[in-house]
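Okay, so here's the structure we're looking at.
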Amino acid sequence: MGQIVIIGGNAAGLTAASRAKRIDPRLNVTVLEKGPHISYSTCGIPYYLAKMVSAADLVAYTPESFERERGIKVHNYTRVDEISPSRKRVMATRTDTGEHAEFSYERLLIATGVQSKLPGIPGTDFKNVFTIVDLQDALQLNEALQNSTRVAVIGAGYVGLEMAQALRRFGSRVTVIERNDALADREDRDVSEALTTVPCLIARSTIVR
């Protein structure tokens, strides 16, 4: 039977794993995920921060339920440190215990997802500066919000405005900072103009351009 290793327990990695298993149930498919969570709704994170849903509501599968229902083994808390193509091996470390592990493969898929791009300005390494990529980031931000009343959101794209609205619903005073003249400038012009001229559409947050 073929051995497939997929790095990344996000939507792309798990979809690929499920598809491979459906095509050939004999395949031995293993997913490696460095974080504690898999199969969660990234789009639902603003609703979690706004207290409209719980973190558990965003999770469709745990590693255990995914293996039970799909026949695919998921190793969470597993950070890949090295790939050896000549040996067809993946070397990893358990982030919760520090133990080292090695996985062999016939085919390897890297589906590690996106990475936050911080602006090149001083202060982005402060402890009260957050980025949102995954559910773990959202949990950390939610904890910090319990003792915060003012939040600045850098970037008035779709995600920035959505986060601003969620944080306003949570009760924070929100300032959105955007370097361009238009808000959500990747959207249609009429949508961008409406957001620029009618601040209440983004929950009455303060806009600084």
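Output the residue which, of all residues in segment 10-38 that are of a type in the set (A, V, I, L, M, F, W, C) and in a helix (DSSP H, G or I), is nearest to Leu139 (Cα to Cα).
Of all residues in segment 10-38, those of a type in the set (A, V, I, L, M, F, W, C) come to 11-12, 14, 16-17, 20, 23, 27, 29, 31-32, 38.
Filter again for in a helix (DSSP H, G or I), leaving 11-12, 14, 16-17, 20, 23.
Values: Ala11: 19, Ala12: 22, Leu14: 22, Ala16: 27, Ala17: 26, Ala20: 31, Ile23: 36 Å.
Per the stated criteria, the residue is Ala11.
It is to be established whether one or more residues within segment 104-124 are over 24 Å from Ala16 (Cα atoms) and of a type in the set (A, V, I, L, M).
From segment 104-124, those over 24 Å from Ala16 (Cα atoms) are 117-124; that's our starting set.
Add one more test, that the residue is of a type in the set (A, V, I, L, M), and what stays is 118, 121.
The answer is yes; a qualifying residue exists.
State which residue is least open to solvent (accessible area, probe 1.4 Å) when the search covers only segment 39-60 and only residues that are assigned to a helix (DSSP H, G or I) and either small (Gly, Ala, Ser) or without any contact (Cβ under 8 Å) to a residue 24 or more places away in the chain (or both).
Keep residues of segment 39-60 that are assigned to a helix (DSSP H, G or I), which gives 42-49, 56-58.
Subsequent filtering for residues that are either small (Gly, Ala, Ser) or without any contact (Cβ under 8 Å) to a residue 24 or more places away in the chain (or both) retains 43-44, 56-57.
Numbers: Cys43: 105, Gly44: 8, Ala56: 75, Asp57: 107 Å².
Taking the candidates together, the pick is Gly44.
When the residues of segment 153-186 are filtered to those that are open to solvent by 60 Å² or more (accessible area, probe 1.4 Å) and under 25 Å from Val59 (Cβ atoms), which remaining residue is farthest from the chain's Cα centre (by Cα)?
The extreme case among them is Arg169.
Among the residues that make up segment 106-122, is at least one of them of a type in the set (Ser, Thr, Tyr) and in contact (Cβ under 8 Å) with a residue 24 or more places away in the chain? Quick ask: steps written out before the conclusion?
Step one: of segment 106-122, the residues of a type in the set (Ser, Thr, Tyr) are 112, 116.
This time we only want the ones that are in contact (Cβ under 8 Å) with a residue 24 or more places away in the chain, so: 112.
Within segment 106-122 (the criterion being of a type in the set (Ser, Thr, Tyr) and in contact (Cβ under 8 Å) with a residue 24 or more places away in the chain), the answer is yes, since at least one residue qualifies.
Out of all the residues in segment 118-140, is one or more within 16 Å of Ile7 (Cβ to Cβ), out of contact with any strand residue (DSSP E or B) (no Cβ under 6 Å at 6 or more places or on another chain) and of a type in the set (A, V, I, L, M, F, W, C)? First the steps, then the outcome.
Initial filter on segment 118-140 (within 16 Å of Ile7 (Cβ to Cβ)): 133-134.
Checking the rest, the ones that are also out of contact with any strand residue (DSSP E or B) (no Cβ under 6 Å at 6 or more places or on another chain) come to 133-134.
Going one step further and asking which of them are of a type in the set (A, V, I, L, M, F, W, C), we end up with 133.
Within segment 118-140, one or more residues are within 16 Å of Ile7 (Cβ to Cβ), out of contact with any strand residue (DSSP E or B) (no Cβ under 6 Å at 6 or more places or on another chain) and of a type in the set (A, V, I, L, M, F, W, C).
State yes or no: is Ile7 at pLDDT 95 or above, in contact with a Gly (Cβ under 8 Å, 6 or more places away or on another chain) and either polar (S, T, N, Q) or surrounded by 13 or more Cβ atoms within 10 Å (Cβ to Cβ) (or both)? Walk me through how you get there before you give the answer.
Values: at pLDDT 95 or above: yes; in contact with a Gly (Cβ under 8 Å, 6 or more places away or on another chain): yes; either polar (S, T, N, Q) or surrounded by 13 or more Cβ atoms within 10 Å (Cβ to Cβ) (or both): yes.
Yes, satisfied.
Hey, among the residues in segment 29-38 that are closer than 14 Å to Ala101 by Cα and out of contact with any Gly (no Cβ under 6 Å at 6 or more places or on another chain), which one's surrounded by the most Cβ atoms within 10 Å (Cβ to Cβ)?
Let us first name the residues in segment 29-38 that are closer than 14 Å to Ala101 by Cα, namely 30-34.
In the following step, the residues that additionally are out of contact with any Gly (no Cβ under 6 Å at 6 or more places or on another chain) were identified as 30, 32, 34.
Numbers: Thr30: 19, Leu32: 23, Lys34: 20.
Here the answer is Leu32.
Take the residues in segment 164-184 that are touching a Ser or Thr at 6+ places or on another chain (Cβ under 6 Å) and in a helix (DSSP H, G or I); name whichever of them is nearest to Asn147 (Cα to Cα).
Filtering segment 164-184 for residues that are touching a Ser or Thr at 6+ places or on another chain (Cβ under 6 Å) and in a helix (DSSP H, G or I), the one nearest to Asn147 (Cα to Cα) comes out as Arg168.
Every residue in segment 138-152 that is over 17 Å from the mean Cα position of the chain (by Cα) and either under 11 Å from Arg173 (Cα atoms) or in contact (Cβ under 8 Å) with a residue 12 or more places away in the chain (or both), please.
Once the filter is applied, which keeps residues that are over 17 Å from the mean Cα position of the chain (by Cα) and either under 11 Å from Arg173 (Cα atoms) or in contact (Cβ under 8 Å) with a residue 12 or more places away in the chain (or both), segment 138-152 yields Ala144, Leu145, Ser148, Thr149, Arg150, Val151, Ala152.
The values are calculated or read from the model by the stated rules, or taken from the named source; none is laboratory data. Just so it is clear, the structure is predicted and the values come from calculations on it, not from any experiment. Note that each Cβ is placed from the backbone with ideal geometry, even for glycine, and that neighbours are counted across all protein chains shown. Ligands, DNA and RNA are stripped out before the accessible areas are found, and what is left, the full protein with its side chains, is counted by its heavy atoms. Shrake-Rupley method; radii C 1.70, N 1.55, O 1.52, S 1.80 Å.
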